[in-house]
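The structure appears right after this line, and notes come after that.
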Amino acid sequence: MSATKRPTDKKQRSAGRLMMLIVWTSVKIVFIPLLCIVALLAGLGIGYVVLGKQEWSDVFDWNTWKHMYDLIFEGSR
């Protein structure tokens, strides 16, 4: 007597794997840049507010960053 082979649903399994791969890739594409932006804002906050003892609202002021740029690159023009 020989054992009967069970039918395998490779198409159904591979479709589920493909869907999971698409979802995981999408999460990585969205999550990693979002995490970088959060890290940038946290670094700005810690560096400017905590270490520099300035106000949080000044972090997002364009004139603050223009002034810093002018200070750094003053002699190169």
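Observations on the structure shown:
- Selection count where residues are not hydroxyl-bearing (Ser, Thr, Tyr) and not in a helix (DSSP H, G or I), scope region 25-77: 9
- For Tyr48, the conditions (1) surrounded by 10 or more Cβ atoms within 10 Å (Cβ to Cβ); (2) modelled with pLDDT of 90 or more; (3) among the aromatic types (Phe, Trp, Tyr) are fulfilled apart from (2).
The values are calculated or read from the model by the stated rules, or taken from the named source; none is laboratory data. On a predicted model such as this, the values are computed, not experimentally measured, just so you know. Heads up, the Cβs are rebuilt from the backbone with ideal geometry, glycines too, and the neighbour counts pull from every protein chain shown.
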